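Structure first, commentary second.
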Amino acid sequence: MSREPNMPNVLELIEAKKASRTNTAAEIADLVRAYLTDEVPDHQMADWLMAVRLNGLNETEIAALTESFVRSGRSFKWDGLGSPVVDKHSTGGVGDKTSLVVVPLAAACGLAVPKISGRGLSFTGGTVDKLEAIPAMRVELDAIEFERQVRGVGAAIVSQSADLVPADRRIYELRDATGTVDAPGLIAASIMSKKLAAGAGTLLIDVKVGSGAFIKDHESAAQFAEMLIEIGKAAGRNVRVLLTGMDQPLGYAVGHAVEVEEALRVLKGNGPPDLVELAVTIVAALIRDSGLRPAPRAARQRAERALASGAAESKFREIVAAQGGDLESFERDLPHKQMPVKRSIESDRAGYVTQIDAGAVASALRELGGARRTKNGELDRDVGLYITKKLGDVVAAGEEWGWIGARDAESAEAAKRIVLRGMSVDDSAPPSRNLILGQMVG
Ligand code: URA
């Protein structure tokens, strides 16, 4: 049977990956193009993704996949903007609302930030899903609106769309539905295609490591970081990768609306110390790497001042308003006050906190209905958890660790049981660990 020109023989590509053989760059480009035009059906693409999930992609294949994602939509150039253009991305974690702070903070420091983000993937939350907790907030801008906003406001946070890396958009959703998220080559192509298409010259990628991340150990994270740096370097970008701990949730809030509320608290100057530190570190690195303030001290001071002065908070309001969001009504009915059912989580003994398993916290959020791919398929942005203790903290018997906000008593109790299984208190303090585990620059 004759095939259309450039129509890939998908079965052959799947068989090759099943046998750990490589696909050529042209084959990968044809596969992605044909999937986007519906010539390749979901079930075949899912099989290819699963074969890749099991047997991996080599560097050439990852570069080809990244390029075919970038080519599927618009790419941006920021000539004449007058500000360095930077971007930040996280590989995904639990309670990771850092981008909601970093984007306005960087823009308030004089950097331009065209950020294309994703929705929740597997057990991790997605930045644009979180932003949609703000009434009327639009995250699906077309290319013209995206460009106009970055040029006018200095930053935009949007989702992939028909214009913006559409191949990543389709394949991202399919990966989420087929258990093929946690494949380093697929994650690298997904992240770097969004960053390359958005056109920033300076990139910072936060690679999360631990029980609440796709990458569980330091060595694999360092290998993955090298992969990101190589892709960025080949495209002429400055790339810095931070490896950061994700064994416990970041900040206190986990859940869509409560995370936006917590990000706002950081921007108002009273956020959880770990989240504040990470956001300031990232923005200082972007200021330095983009050449805006090459000296590390001056870069950090600039970020700290923009946070303390309220400039970052004003910039967040500007970004939300430009995307149609109604922050006033969000703040009038603050999410943590709206939970129909609340259950506190208490420690059953005194001692040091030695475990707050981020993976268990993510499972509890799913049980509440606050994650994608829950039993009823709905994403409830209004449920969530607050875990106010951190590893190494001292707790008294009966002391509150935090609380759960649920729709009903049954899901609250089920979520509480899951969270408690992931928490431990002991007589001796755990070894202290840094949030930032390492950095690599390319
Ligand atoms: N973030 C992305 O944008 N893509 C992934 O595959 C994982 C995290």
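The values are calculated or read from the model by the stated rules, or taken from the named source; none is laboratory data. This structure is a prediction, so every number in the text was calculated from the model and none was measured. For neighbour counting, all protein chains shown are included, and Cβ atoms are generated from backbone atoms with ideal geometry for every residue, glycine included.
Looking across segment 129-171, the residues that are buried (at least 23 other Cβ atoms within 10 Å of the Cβ) and either touching a Cys at 6+ places or on another chain (Cβ under 6 Å) or on the phi > 0 side of the Ramachandran plot (or both) come down to GLY154, VAL165.
Just checking, which of PRO104, PRO84 is touching a residue at least 60 places away in the same chain (Cβ under 8 Å) and within 19 Å of the chain's Cα centre (by Cα)? Even if it seems obvious, please write down each step before you answer.
Working: PRO84 fails: within 19 Å of the chain's Cα centre (by Cα).
From the options PRO104, PRO84, the qualifying one is PRO104.
Entry remark, segment 92-127: residues being assigned to a loop (DSSP other than H, G, I, E, B) and within 25 Å of GLU277 (Cβ to Cβ) number 14 in total.
Among the residues making up segment 117-144, a single one is out of contact with any Ser or Thr (no Cβ under 7 Å at 6 or more places or on another chain), of a type in the set (A, V, I, L, M) and within 14 Å of the ligand (Cβ to nearest atom): LEU121. Scanning segment 312-369 for residues that are hydroxyl-bearing (Ser, Thr, Tyr) and in a helix (DSSP H, G or I) turns up SER314, SER329, SER363. Residues of segment 298-355 that are within 26 Å of LEU131 (Cβ to Cβ), among the aliphatic types (A, V, I, L, M) and touching a residue at least 60 places away in the same chain (Cβ under 8 Å): ALA303, ALA306, LEU307, ALA311, ALA312, ILE319, VAL320, ALA322, LEU327, LEU334, MET339, VAL341. Would you call LYS233 within 14 Å of the ligand (Cβ to nearest atom), of a type in the set (Lys, Arg) and not in a loop (DSSP other than H, G, I, E, B)? Answer is no for this residue.
Condition check ((1) more than 14 Å from the ligand (Cβ to nearest atom); (2) over 17 Å from the mean Cα position of the chain (by Cα); (3) farther than 27 Å from SER20 by Cβ) across all residues:
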{"site": "VAL150", "(1), (2), (3)": "yes, yes, yes"}
{"site": "VAL153", "(1), (2), (3)": "yes, yes, yes"}
{"site": "ILE157", "(1), (2), (3)": "no, no, yes"}
{"site": "ARG169", "(1), (2), (3)": "no, no, yes"}
{"site": "LEU174", "(1), (2), (3)": "no, yes, no"}
{"site": "THR202", "(1), (2), (3)": "yes, yes, yes"}
{"site": "GLY210", "(1), (2), (3)": "yes, no, yes"}
{"site": "LYS216", "(1), (2), (3)": "yes, no, no"}
{"site": "ALA221", "(1), (2), (3)": "no, no, no"}
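Scanning segment 376-390 for residues that are in contact with a Gly (Cβ under 8 Å, 6 or more places away or on another chain) and either part of a strand (DSSP E or B) or among the basic types (Lys, Arg) (or both) yields ARG381, GLY384, LEU385, TYR386, ILE387, LYS389.
Each residue in segment 128-163 was checked for being assigned to a helix (DSSP H, G or I) and either in contact with a His (Cβ under 7 Å, 6 or more places away or on another chain) or not β-branched (Val, Ile, Thr) (or both), and 11 pass. For first residues located in segment 409-425 and closer than 14 Å to ASP380 by Cβ, partners that are surrounded by fewer than 20 Cβ atoms within 10 Å (Cβ to Cβ) and modelled with pLDDT under 95 and lie 6+ apart or on another chain with Cβ distances below 8 Å do not occur. Being part of a loop (DSSP other than H, G, I, E, B), of a type outside the set (S, T, N, Q) and either within 16 Å of SER347 (Cα to Cα) or within 25 Å of the chain's Cα centre (by Cα) (or both) is not true of LEU420. The residues of segment 7-46 that are part of a loop (DSSP other than H, G, I, E, B), buried (at least 18 other Cβ atoms within 10 Å of the Cβ) and modelled with pLDDT of 95 or more, listed by number, are ASN23, VAL40.
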